[in-house]
Amino acid sequence: MGNAMGILGLVFGLIGLLLSVLIITVVIGLILGILGLIFSIIGIVTCDSKVPGIIGLIASIGAIAIALAVIIFIAALIGRASA
């Protein structure tokens, strides 16, 4: 099986990072970032080669942070427009 969990976390983290930048797909990016975080942690804990898991962990944390920043920005814009 190798380091399938770490690689899966890396792929989810990178796709989540790309999707979290766009306003339309920010929720999907957030979900993939969370999944990437979970799979990266599993890949780091269970496998000998930790590099894909660590890179996936960094990408997933970035995806979650960017997605939350975009969601907060959108909420602030909506709140300002309705006031």
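Of note:
- Within the range 40-83: backbone nitrogen closer than 20 Å to the Val21 label point (7 Å, Cα to C-beta): 55-74
- Likely footprinting exposure, Ser49, Ser82, Ser60, fewest C-beta neighbours within 10 Å first: Ser82, Ser49, Ser60
- 222 nm mean residue ellipticity, helices alone, for the chain (DSSP H n ≥ 4; -39,500 (n - 2.57); rounded to 500): -29000 deg cm²/dmol
- Cα gyration tensor shape of the chain, rounded if a/c is under 1.5, else prolate or oblate by comparing a/b with b/c: prolate
- Sorting the segments 22-28, 41-47 by their residues' average number of neighbouring beta-carbon atoms within 10 angstrom, most packed first, yields 41-47, 22-28.
- Legend: helices of the chain (whole DSSP H runs) are marked when their alpha-carbon atoms reach 27 angstrom or more along the helix axis and their mean Kyte-Doolittle hydropathy is at least 0.0; marked are 26-46, 51-82.
Every number in this text was worked out from the coordinates using simple rules, so none of it is lab data. Keep in mind it's a predicted model, so treat the numbers as computed, not measured. Cβ sites come from the backbone with ideal geometry, for glycine too, and all protein chains shown count toward neighbours.
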